[in-house]
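Okay, so here's the structure we're looking at.
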Amino acid sequence: MYVLVINAGSSSLKYQLFDTTTNTVKAKGLCERIGIDGAITHKQLDKNIEYSAKIDMPNHSVATKCVVDALTSEAHGCIKSMDEISAVGHRIVHGGHYFSESVLLTEDVLAKLEKCRDLAPLHTGAHIQGIQGCLSVMPETPQVLVFDTAFHQTMPKEAYTYAIPYDVAEKYSVRRYGAHGTSHRYVAGEMIKLLGGKAEGTKIVTCHLGNGSSISAVKDGKVIDTSMGFTPLAGVIMGTRCGDIDPAVVPFLMDKLGLTPDEMNDYMNKKCGFLGVSGVSSDCRDLEAAIAEGNEHAKIAMAILGYQIKKYIGSYTAAMGGIDAIVFTAGIGENTASIRKMALEGMEYFGIEIDGELNERVKGRDGVTKLSTEASKVAVYMIPTNEELVIAQDTEAIVTALNK
Ligand code: ADP
């Protein structure tokens, strides 16, 4: 079955066409500057043909039409007609407490998604536009929504409840939701296979470390805690996000810097993290280059992440009553050896021991790699994430069940 996986942002639309019988990507691409002017970059992977063009894209419907045109083009396409796309799978950032699994798009589902708008205004608005784009271009094709928050819905109350008045929390749906759930689910699933295939009894810490980072405790295949919170601002230090800070810092800085609530939110999301601490960049690779030139602030920025990951591993081990495996994934988790090293060094008393020389070499392109030594009681793996594959597989499963 061909499934079109769509990740719609406010002015962009990323897509991949999956063949779910072989789990391969046939084509992928990106529409950018939607609503501004518009451009598409498209890659047909079988024949390795690349195509890019500037096309006026006033909205997501036009962008979706451009995607379908690129996929069905004689020159650089891979299917003959739109009818070959059996279903569309959408990546949705926030499903609130409404969605604990992937669902088929219906009017009721769309109404519930509307209610999540407050929780992730920019993302949800863009997702809805992406969905409407598909409804207008391929109205007969089933659409499935896959939520970044869904995998975290198994958290117990004490892990997701904030210590604010209960009625206020309920009224405004303020609680921990987590993020990157599709990635945590994928790598936890792969890790469970490596541990023998039975979820029951497994205790895994999954570290998704990219521009945005989150860490989850996955016990018996289910999330029991995760580092991101009400929004993806919480948890560890990120590229430009501050992660957890004393909440009293917020009004204090608003006062000192003369910022409105919106400006403060923007500040914490875009001016902090690696960028704010280092003054150099939000990108780990730039920080490593700066450290090599003796930049102390870049060194502190990276050290904060290493230290915070270590603390999460420790606390989640306590929460799960033990630990069998640690997984590193996403841009930094897959590629940045110094962060993996800092996060795990000095944890031998936990039974964690990695092959330092191997760790230095391993990159995401190497594929799944065991980093722990034979003597280590805890398995440590680098597992490249594949959120699109999960979206394609969920979409296929839901659509197949529909046709039975
Ligand atoms: P996003 O959250 O935007 O998906 P990524 O998962 O692509 O982010 O992670 C980006 C981070 O990974 C950056 O800090 C980048 O420096 C770091 N990184 C380190 N090495 C690599 C690499 N070889 N390729 C991609 N990202 C890398």
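The values are calculated or read from the model by the stated rules, or taken from the named source; none is laboratory data. The model shown is predicted, which means the values in this text are computed figures rather than measured ones. All Cβ positions, even for glycine, are placed from backbone atoms using ideal geometry, and neighbour counts span all protein chains on display. Side chains are part of the model used for accessible areas, which takes the heavy atoms of the whole protein and leaves out ligands, DNA and RNA. Shrake-Rupley method; radii C 1.70, N 1.55, O 1.52, S 1.80 Å.
Yes/no per residue for (1) among the hydroxyl-bearing types (Ser, Thr, Tyr); (2) within 22 Å of Thr21 (Cα to Cα); (3) in contact (Cβ under 8 Å) with a residue 12 or more places away in the chain:
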{"residue": "Ser61", "(1), (2), (3)": "yes, no, yes"}
{"residue": "Val68", "(1), (2), (3)": "no, yes, yes"}
{"residue": "Asp83", "(1), (2), (3)": "no, yes, no"}
{"residue": "Tyr98", "(1), (2), (3)": "yes, no, yes"}
{"residue": "Leu113", "(1), (2), (3)": "no, no, yes"}
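Filtered by the rule that a residue be within 16 Å of the ligand (Cβ to nearest atom) and in contact with a strand residue (DSSP E or B) (Cβ under 7 Å, 6 or more places away or on another chain), segment 182-208 gives Thr182, Ser183, His184, Val187, Thr206, Cys207, His208. Within segment 144-171, the residues that satisfy the criterion of being of a type in the set (Phe, Trp, Tyr) and without any contact (Cβ under 8 Å) to a residue 40 or more places away in the chain are Tyr160, Tyr166.
Restricting attention to segment 325-345, the residues that are assigned to a loop (DSSP other than H, G, I, E, B) and either hydrophobic (A, V, I, L, M, F, W, C) or open to solvent by 50 Å² or more (accessible area, probe 1.4 Å) (or both) total 1.
Residue-by-condition table, conditions (1) in contact with a Phe, Trp or Tyr (Cβ under 6 Å, 6 or more places away or on another chain); (2) surrounded by fewer than 20 Cβ atoms within 10 Å (Cβ to Cβ); (3) farther than 23 Å from Glu387 by Cα:
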position	(1), (2), (3)
Ala87	no, no, no
His90	no, no, no
Gly95	yes, no, no
Pro121	no, yes, no
Gln132	no, yes, no
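When restricted to residues that are farther than 14 Å from Gln143 by Cα and of a type in the set (Ser, Thr, Tyr), segment 79-113 contains 3. Across segment 351-362, not a single residue is classified as over 14 Å from Ile204 (Cα atoms), open to solvent by 20 Å² or more (accessible area, probe 1.4 Å), away from the ligand (no atom under 14 Å from the Cβ) and touching a Gly at 6+ places or on another chain (Cβ under 7 Å). Taken over segment 368-399, residues that are without any contact (Cβ under 8 Å) to a residue 60 or more places away in the chain, within 14 Å of the ligand (Cβ to nearest atom) and open to solvent by 10 Å² or more (accessible area, probe 1.4 Å) amount to 1. Selection within segment 97-119: residues that are charged (D, E, K, R) and farther than 21 Å from Asn265 by Cβ. The member of this set that is most open to solvent (accessible area, probe 1.4 Å) is Glu107.
At least 3 residues being open to solvent by less than 10 Å² (accessible area, probe 1.4 Å) is the threshold, and among the helices (runs of 4 or more DSSP H) wholly inside segment 137-213 those reaching it are 181-194. Report yes if Ala330 is away from the ligand (no atom under 16 Å from the Cβ), within 22 Å of the chain's Cα centre (by Cα) and among the hydrophobic types (A, V, I, L, M, F, W, C), otherwise no. So Ala330 fails the test. Here Met302 meets each of (1) without any contact (Cβ under 8 Å) to a residue 40 or more places away in the chain; (2) within 16 Å of the ligand (Cβ to nearest atom) with one exception, condition (1).
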